[in-house]
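Colleague: Mind having a look at this structure? Questions to follow.
Each value in this text was obtained by applying a stated rule to the coordinates, not by laboratory testing. As the structure is a prediction and not an experimental result, all values here were calculated from the model. When we count neighbours, we look across all protein chains shown, and the Cβ atoms used for this are built from the backbone with ideal geometry, even at glycine.
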Amino acid sequence: MELEDYWFLLQPFYAFFGLIMIFFFFIIIFLFPGFFSNLLWCNCEICHTYLTSSWTKDFDNLCDWYAYLLQNSPTKTIHIHVLGNIITANPDNVEYILKTRFENYPKGKPFSLILGDFLGRGIFNVDGDLWRFQNTMASLELNKYSIRSYAFEIVNYEIQHRLVTFLSSVAGKEYEVLDLQEVFRRFSFESICKISFGLDPMCLGLSLPMSEFAVSFDLASKLSAQRAMAVSPLVWKIKRLLNLGTEKRLKQAINVINILAKQVIIQRREMGFSTHKDLLSRFMSTVNDDIYLRDIVISVILAGRDTVASALTSFFLLLANHPDVESAIQLEAERVISPNQELTSFEQLKHLHYLQAAVYESMRLYPPIQFDSKFCQQDDVLPDGTVVKKGTRVTYHPYAMGRMKEIWGSDCLEFKPERWLKGGVFYPENPFKYPVFQAGLRVCLGKEMALMELKSVAISLLRRFHIQLVTPCCSPQFSPGLTATFSCGLQVKVREIKGKQNPPPLSPQS
Ligand code: HEM
């Protein structure tokens, strides 16, 4: 028998607790009437539409409704009073928050509490000195040429000997429908585990079970994101205190992650880490605290797994609807890499300008992280004149920004890689107009690694397979979570292009 089986015994406690809450609630209303009239009883059109969920009549996704509101706002900034959230798609505001007044817009305590059990003191969940230390260390490591070429070797091994082999095994089978999103999630999990730990979870192949680590990781990130959706943090805090429901499951998932992460760290130490090239071994030579090491590695996996899978899924959705772009990528590859050769070096990728443009353009329309929030430390005024009170959540919204006429022109909803090219050469935009990798002082440290992974997968699959959607789809629906995920996956059929053979089997890397 567990605590939940006796929950009825707790009912008097809940009733008593409820009365106390109501009492305090009225005291707070009495003390801060102005604050509460805004927060709870705001009846402006936006708040009313939000509270009644009536936006769902016109939009599939919350991010599409926000994009519509932001497009129609003269300042490109809106305020959802009931959420205490200012949302902006104005590049000047984004630069101000992420660079000019960086210190005034940290991640803040509300989020670090929500994600604290899962991410601990990992880079995604800290500010100040703890962040500065990890940022310096991680950028030194991730920017090294040696780690990039090590990552390139791993990613290409994974592509040629796992991804391509798996897709070849299902290609051409008439009734075989594949969820490409699930395939990419498994691929990116294997790749980032190998790069971060030097560990192979062996889960690429839908008949293979997803590793226990990956399943617990998914659950922990989903349940942590759900905490953020609770009406008040008190709800999850009480459930955590009593070890009930989702909080009990979250605790169990985190326990599995902790046990497995600990085993990996011990194993690495026993094997000797000084000669290994994976990230964990590199961090181990500077950090001695095993809990801290666990937190650092968990954050890197979170950073590098779902983001890459999300970017690949939307890229292949767009290509399925734009065969002209697919052909242009194939033509460029024939020119830069000899027709029957696979990618052999990191350097070759640099010459694929059109491919780079297509990848950037795809993430403009479907950024893997659709929005990101900070918490204002001291009262402030944004460049567009928006007043921000201390403690307000301020969100910049890359998804909406990718759909702004003022930033991208009247063809902003079209998928046009050419907008990133000048004389055939890739030309990046101002990062504050395109904060897909964030921008300013806290910019993504794995950007180059991510681009290498995206381009390597794209080029290898497009030269070998025809990938066709099972049902036509132009505007996907997203599931709620930390990273953009299509709620129905990406159902495709795969056919091998004639004349392409599987690569000869290589012995797996240690
Ligand atoms: C398409 C793929 C990716 C996208 C779109 C992306 C985007 C982002 C964004 C928006 C942030 C800021 C998040 C925040 O502060 O809450 C971030 C941070 C970060 N990313 Fe990425 N990322 C990608 C892939 C990767 C990969 C593959 C790695 C590493 C292996 C990585 C490592 C990091 C790290 C370490 C940070 C924390 C930077 C800091 O706080 O100083 N990312 N990324």
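Colleague: What does the charge count near Met404 come to, summing +1 for each Lys or Arg and -1 for each Asp or Glu among other residues with Cβ under 9 Å from its Cβ?
Modeller: +3
Colleague: Something else: If a/c stays under 1.5 just call it rounded; otherwise compare a/b with b/c (prolate if a/b is bigger, oblate if not). Do that for the range 239-331, with a ≥ b ≥ c from the square roots of the Cα gyration tensor eigenvalues.
Modeller: It comes out oblate by the Cα gyration axes.
Colleague: If you don't mind, there's one more thing I want to ask. Take the Cβ-Cβ distance between Lys389 and Lys237 as r, set R0 to 22 Å, and report the resulting FRET efficiency rounded to the nearest 0.05. Show your work: numbers first, answer last.
Modeller: On the way: r = 24 Å, r/R0 = 1.11.
Here the calculated transfer efficiency is 0.35.
Colleague: Within the chain, which is the longest segment containing none of the GluC sites (Glu not before Pro) that sit in a DSSP loop and have at most 11 other Cβ atoms within 10 Å?
Modeller: Numbers: sites that count: Glu2, Glu174.
Result for the longest clean stretch: 175-510.
Colleague: Need one word for the range 408-461: rounded, prolate or oblate. Basis is the Cα gyration tensor (sqrt eigenvalues a ≥ b ≥ c); a/c below 1.5 gives rounded, then a/b vs b/c decides.
Modeller: Taking the square roots of the gyration eigenvalues as a ≥ b ≥ c, the range 408-461 is oblate.
Colleague: Moving on to the next point. Starting from the Cα of Glu103, step 7 Å along the direction of its Cβ; do the same at Asn255; then give the gap between the two resulting points in nm.
Modeller: For Glu103 paired with Asn255, the spin-label model returns 4.4 nm.
Colleague: For the chain, what are the DSSP H helices with axial Cα length of 18 Å or more and mean Kyte-Doolittle hydropathy of at least 1.6?
Modeller: On the way: long enough: 11-31 (30 Å, 2.35); 128-142 (20 Å, -0.23); 145-158 (20 Å, -0.19); 180-197 (25 Å, 0.27); 212-229 (26 Å, 0.29); 245-271 (39 Å, -0.25); 290-304 (21 Å, 1.45); 306-321 (23 Å, 1.27); 323-336 (20 Å, -0.29); 353-365 (19 Å, -0.06); 447-462 (22 Å, 0.93).
Span-like helices, by this rule, are 11-31.
Colleague: Run the quick spin-label model on Arg132 and Asp92: label points 7 Å from Cα toward the beta carbon, then report their separation in nm to one decimal.
Modeller: 3.1 nm
Colleague: Using the Cα centre as the reference, give the magnitude of the dipole from point charges on the C-beta atoms of the chain (Lys, Arg: +1; Asp, Glu: -1; all else neutral), rounded to the nearest 20 debye.
Modeller: Magnitude of the dipole: close to 540 debye.
Colleague: If contacts are Cα pairs under 8 angstrom and at least 6 residues apart, what is the relative contact order of the chain in percent? Each step should come with its number before you reach the end.
Modeller: Working: 633 pairs, mean separation 115.6, N = 510.
Answer for the chain is 23 percent.
Colleague: Here's something else I'd like to know. Considering only lysines 8 or more places apart in sequence, or on different chains, count the pairs in the range 131-256 whose C-alpha atoms sit under 14 Å apart.
Modeller: Qualifying lysine pairs in the range 131-256: 6.
Colleague: Bins of 20 Å, beginning at zero and ending with the bin holding the largest distance: percent of Cα pairs per bin for the chain, please.
Modeller: 20, 54, 23, 2
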